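Please treat every number below as a calculation from the coordinates, not as lab data. The shown structure was predicted, so the numbers you read here are calculated from the model rather than taken from an experiment. Note: ideal-geometry Cβ built from the backbone for every residue, glycine included; neighbour counts use all protein chains shown.
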Amino acid sequence: MARSTFKVLFYLKRQNEKNGKVPVMGRITINGTMAQFSCKLNIRPALWDSKANKAVGKSVEAQRINETLENIKTNIGKQYQRISDRDSYVTAEKVKNAWLGMGGECKLLMQTFDEYLQEFGKRVGKDRAQSTLENYQKAYKHLSVFLLQEYHLSDIPFKELKRDFMDKFVVFMSNHLGLRSGSMQTSIKKLHLMTYTAFQNGWIAADPFAGFRFKAEYRDRRYLSETEMQAVMNVQVPNYKTAIVRDIFMFCCFTGMSHIDVKALTHADIHTDESGEMWIIDNRTKTGTQFRVKLLPVARQLVARYSHLSLPGNAVFPVKTCKTMDNSMRHVARHAGLSFNPTMHEARHTFATTVTLSQGVPLETVSKMLGHKHITTTQIYAKITNDKIGRDMDALEAKIGDKFKVV
């Protein structure tokens, strides 16, 4: 690559005048690529020579500014030389990032995030779930769009990150991407993981987001009531394929299994104990945590209904993609007269709330059946219904009876 196209110029950002001074900016151009940066200097416009790209005069201020600019130009030139000797393709932004990382190899945020995703992808199907990878890829995309729109960069050195970067990112996701706080959580956690990794590896002296707190506000998890569950089971659906989706949905309502886990369910995962009871004992695809569920009568009937099928991998049900099944459930909901369109994941919510907790099953037991690592996760899923509160109060009333009287 011809090196004659490499240039470093300095100019004033006159529209940002404050207290009579304006910022000095720099611009690197290499073979048609361009990267701008702040020189962290301010100067009175009258002291600046636009043609010479430096301050004029022999004042102490002018000499200090020119000396700083010369050091910047020299150091950028050294980075350009180093990268040109090493790489076949050199861009202005690559040189700028290398200069900003002076004192060691420059470590970049998005580059580190991309490497993290590549390593995570190698573990999918082993101890990591594809759906989790897709969520992290969305977080990467959110951060990439933010960098491009707010900073006009495709990447940024860790050393350039300050606390306000996180604050601006949160505002951007809310105002520009229209995300709710619960949907922002993954992007925020992954950004913080990247800076924490940089700090642990010694790439930066301190984590810029240490102490940052973000409290997500989650919407109430939707679930089916007993009446709605019965309506879905009784409804006459338009075709056989929709009926299959309805059956799998109801199986998840009575077992708490997620879409990815019921898709992976095989007959070998269903065990029969000495009493003839059927159990599912397996590990969750998402977390690797073991879960165990005793099959209720409806779940047993549904397993028997499809036992005649010879499915690949000895699968129990012919499960389609989650999106396809959610679309089919729209038809089921319409025919059943539901007021909302339940998703496959809401079948899991229904198990946690209507089928178990509302019937008096302890939270610890529900957590084990759902395969949660932490019981606090189960508390988010679980909602105590008015029926359950009513039954509990009736039981309390029967116990205390006439023990207390108003005088």
Open item on the list: Can you show me the helix-derived [θ] at 222 nm for the chain, built from DSSP H runs with n ≥ 4 at -39,500 (n - 2.57) apiece and divided by the number of residues, rounded to the nearest 500.
Closed with: -14500 deg cm²/dmol
TODO: Would you work out if region 109-200 is rounded, prolate or oblate? Take a ≥ b ≥ c from the square roots of the eigenvalues of the alpha-carbon gyration tensor; rounded if a/c is under 1.5, else prolate when a/b is larger than b/c, oblate otherwise.
DONE: oblate
Task: Cα centroid separation - region 268-331 against region 157-193, whole Å - done: 38
Task: For the chain, diffusion coefficient by Stokes-Einstein and Kirkwood Rh (Cα), 10 °C, 1.306 mPa s, µm²/s - done: 60
Task: Backbone HN-Hα couplings from phi across region 22-35 [Karplus 6.51/-1.76/1.60, Hz, Gly and Pro as x] - done: 10, x, 9, 10, x, 9, 9, 10, 9, 6, x, 9, 9, 9
Task: GluC sites (Glu not before Pro), loop per DSSP, at most 13 other Cβ atoms within 10 Å - longest free stretch of the chain - done: 278-407
Task: Spatially proximal aspartates and glutamates relative to K94 (Cα-Cα < 13 Å; intrachain offsets below 8 disregarded) - done: E105, D155
Open item on the list: Can you work out the Karplus-derived ³J(HN,Hα) for every residue in region 78-83? Use 6.51 cos²θ - 1.76 cosθ + 1.60 with θ = phi - 60°, whole Hz, and x for glycine or proline.
Closed with: 5, 5, 4, 4, 5, 5
TODO: Can you tell me how much longer the chain between Q15 and E277 gets when fully stretched, taken as 0.36 nm per residue apart minus their C-alpha distance, in nm with one decimal?
DONE: 86.7 nm
Task: region 149-234: chymotrypsin sites (Phe, Trp or Tyr not before Pro) falling in loop per DSSP and having at most 16 other Cβ within 10 Å - done: F212, F214, Y218
Task: Residues L41, L47 arranged by fewest to most Cβ contacts within 10 Å - done: L47, L41
TODO: Rounded to the nearest 0.05, what FRET efficiency do A205 and S307 give with R0 = 45 Å and r taken as the Cβ-Cβ distance? Could you check?
DONE: 0.10
- [ ] Measure nothing but the geometry: give the 0 to 90° angle between the long axis through the Cα atoms of 130-146 and the longest principal axis through the Cα atoms of the chain, rounded to 10°.
- [x] 30
Task: Qualifying trypsin sites (Lys or Arg not before Pro) in region 187-223, DSSP loop, other Cβ atoms within 10 Å at most 12 - done: R213, K215, R219
Task: Extended-chain gain in nm, criterion 0.36 nm per residue less alpha-carbon gap, S131 and Q118 - done: 3.2 nm
- [ ] Quick one: work out the % antiparallel among DSSP beta bridges in the chain, nearest 5.
- [x] 95
Task: the chain: angle of helix 109-121 to the longest principal axis, Cα-based, in degrees nearest 10 - done: 30
- [ ] Any chance you could give the angle, 0 to 90 degrees and rounded to 10, that helix 181-200 forms with the longest Cα principal axis of the chain?
- [x] 50
Open item on the list: Could you tell me how many cubic angstrom of Cα convex hull volume region 3-100 has per residue?
Closed with: 99
- [ ] Among K122, K241, rank each residue by its count of other Cβ atoms within 10 Å, from fewest to most, as a rough exposure measure.
- [x] K122, K241
- [ ] Could you calculate the contour length gain from L296 to D394, that is, 0.36 nm times the residue separation minus the distance between their Cα atoms, to one decimal place in nm?
- [x] 32.6 nm
